[in-house]
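Peer 1: Have a look at this one before I ask anything.
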Amino acid sequence: MLTYTRCPQVTNSFKIPATRVADSLVNSFGLAMVTKISDSKLHLRLARPHLWRLASFMDGDNPSIVLPQFTICDLGAVRSYFRQQMFSHVISIWGAGAADFGPDEIRSFFPAAKIHVARFDDIEFESASAVTKHIVQSIPDFGSGLHVADKVLVHCLAGVARSSGVAFALACQYAGPGHESAVLQTLVAQSPWIKPNRRVVAYSDEILRRGGRMNAAVSALRAKFIARRVD
């Protein structure tokens, strides 16, 4: 789990481990800028601090769910950084009408990985370009047989909604019924910027027969996010 500690040298800043998560946040989202590097840590000045408050509600929860390693990121991070990493499974999500649709590029980055490609837009209402139940059904089919030692990369364009919704579905399938909230908390602790696409989650809840618990977990997450923005 990532930890965030107040850095006294810089107002409104935190220091976090210099990991791929920090690299993705700084380079792809512009949420922070590096102020200095020392003791193997990046010292970041937060550009939008309210987005980072999402991580703070995890501090006392200590989820006990053990999952395969999930990496949730944007397309730019795949191209600039993660293409150098080893993954057992890769889910590549593209827009329904993406002009730069490039599954062959992704396959060239991860020749040894099991790869699944999906195309739909990041919208949560009925639309021709929205995710369908058929598309979501392909996710648990792809993820069947996941092992705790597996490393799973899920990317979309921004690395926020579609990819996290799909990762949430895979993780819930792996963990089994009754752990939906803890699974989402675990993913948020690793990737505090995520906001799972509700349409992906709703279909996943139905397909995995979770009785609304996946939907409820995402609703609770968004409520806490909104509350922290208001604060």
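The values are calculated or read from the model by the stated rules, or taken from the named source; none is laboratory data. All of these numbers come straight from a predicted model, not from anything done at the bench. Glycine also receives a Cβ, built like all others from the backbone with ideal geometry; neighbour counts cover every protein chain displayed.
Peer 1: Looking only at the stretch 82-121, filter to residues that are of a type in the set (G, A, S) and in contact with a strand residue (DSSP E or B) (Cβ under 6 Å, 6 or more places away or on another chain); which one of those is nearest to P140 (Cα to Cα)?
Peer 2: That would be A118.
Peer 1: Does the stretch 201-217 hold any residues that are touching a residue at least 60 places away in the same chain (Cβ under 8 Å) and either within 18 Å of the chain's Cα centre (by Cα) or within 16 Å of S163 (Cα to Cα) (or both), and which are they?
Peer 2: Once the filter is applied, which keeps residues that are touching a residue at least 60 places away in the same chain (Cβ under 8 Å) and either within 18 Å of the chain's Cα centre (by Cα) or within 16 Å of S163 (Cα to Cα) (or both), the stretch 201-217 yields Y203, S204.
Peer 1: For G159, which of the numbered conditions (1) within 23 Å of G102 (Cα to Cα); (2) within 10 Å of the chain's Cα centre (by Cα); (3) not in a loop (DSSP other than H, G, I, E, B) fails to hold?
Peer 2: Here G159 meets the rest and fails (3).
Peer 1: Is it the case that some residue within the stretch 71-81 is touching a residue at least 60 places away in the same chain (Cβ under 8 Å), in contact with a Lys or Arg (Cβ under 7 Å, 6 or more places away or on another chain), closer than 29 Å to D205 by Cα and among the acidic types (D, E)?
Peer 2: Checked against the condition, which is being touching a residue at least 60 places away in the same chain (Cβ under 8 Å), in contact with a Lys or Arg (Cβ under 7 Å, 6 or more places away or on another chain), closer than 29 Å to D205 by Cα and among the acidic types (D, E), the stretch 71-81 yields no hits at all.
Peer 1: Looking at S181, S164 in this structure, which one is within 22 Å of S92 (Cα to Cα), of a type in the set (G, A, S) and either touching a residue at least 60 places away in the same chain (Cβ under 8 Å) or in the same structural domain as G76 (by TED's automatic domain parsing) (or both)? Break it down into steps so the answer makes sense when it comes.
Peer 2: Values: S181 fails: within 22 Å of S92 (Cα to Cα).
Step by step, each of S181, S164 is checked, and only S164 is within 22 Å of S92 (Cα to Cα), of a type in the set (G, A, S) and either touching a residue at least 60 places away in the same chain (Cβ under 8 Å) or in the same structural domain as G76 (by TED's automatic domain parsing) (or both).
Peer 1: Still on this structure, please answer the following. Which of the numbered conditions does P111 fail, given that it passes all the others? Conditions: (1) surrounded by 20 or more Cβ atoms within 10 Å (Cβ to Cβ); (2) within 16 Å of R83 (Cβ to Cβ); (3) without any contact (Cβ under 8 Å) to a residue 60 or more places away in the chain; (4) not hydrophobic (A, V, I, L, M, F, W, C).
Peer 2: (1)
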